[in-house]
């Protein structure tokens, strides 16, 4: 097994390397004067099973192109298999035609990864499950729920807890958390008026006097999260928490979370590295996914079941 790290999330790559007790190979990545990316793999990978760890987070296009170039370099170096480990799958929200004459960019990214030479993809908490069908190669969608649930069970009072979905699309995800936590479920009726613009309307479910935890797959500009927290407080909720896998945190997310008095804490994972301003905000709690991803990599290498991690 050979572990190759891109530059998007070096801390997570290092943790995965430590869990597996396998040294990281850092490819020589350089930029030409016009911004073109040059890659050279200095380790011999001929006949090896290679795992490339790279989140396609901001800057999305740079990190995606870097991943494709690394995979192409490995393919041309005669690697036996190349597994792209993409903790955060960029462009995952563009999974269908939402309006006339619009692209399905998640499918385009899938095609590019396959053509570049990836023989398998491992990712975490896809925004839309149907993206798995865009690939004609094996695809594993790993869940971050074990580490998020572990944090909730250890740090929050579950006796008065209710799980909340910020929109109708996330109900299935939240129902899973509600079952594991033996908690009730509530739903926020969210209306979108434009990209990254959301207005929370009605709360469906009884949250009065309850401690609420809003569960989502990603937090981008935090507009939905803040509106949801305000709607819950208006309906009588006591303490309000949030849990999300991918801390995208595009501006002005950090400012919104900091200014939101209703939110007690926001629990996220390390699939995307935090900015310096996010690290300074005490409300934001980070749990690592390195253990789960390392186990998924190890089981893939040994041809063992990955789904058994969650059963």
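The values are calculated or read from the model by the stated rules, or taken from the named source; none is laboratory data. Bear in mind that the values here come from a model prediction, so they are computed numbers and not experimental data. Positions of Cβ are generated from backbone atoms using ideal geometry, with glycine treated the same way; all protein chains shown enter the neighbour counts.
Numbers for the structure displayed
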| read-out | value |
| --- | --- |
| Check on residue 141, surrounded by 13 or more Cβ atoms within 10 Å (Cβ to Cβ), within 19 Å of residue 243 (Cα to Cα) and without any contact (Cβ under 8 Å) to a residue 24 or more places away in the chain | yes |
| Search result, residues across the stretch 45-58 that are more than 15 Å from the chain's Cα centre (by Cα) and on the phi < 0 side of the Ramachandran plot | 45, 46, 48, 49, 50, 51, 52 |
| Within the stretch 17-36, considering residues that are in contact with a strand residue (DSSP E or B) (Cβ under 6 Å, 6 or more places away or on another chain) and either farther than 22 Å from residue 76 by Cβ or touching a residue at least 12 places away in the same chain (Cβ under 8 Å) (or both), the one surrounded by the fewest Cβ atoms within 10 Å (Cβ to Cβ) | 28 |
| So residue 84, is it modelled with pLDDT under 95 and on the phi < 0 side of the Ramachandran plot | no |
| Unique match (being more than 15 Å from residue 111 (Cβ to Cβ) and modelled with pLDDT of 95 or more) among 68, 74, 64 | 74 |
| Qualifying residue in the stretch 177-192 (condition: assigned by TED's automatic domain parsing to the domain that holds residue 215 and within 30 Å of residue 115 (Cβ to Cβ)) | no |
| Which listed residue is touching a strand residue (DSSP E or B) at 6+ places or on another chain (Cβ under 7 Å) and without any contact (Cβ under 8 Å) to a residue 40 or more places away in the chain, from 81, 5, 55, 13 | 81 |
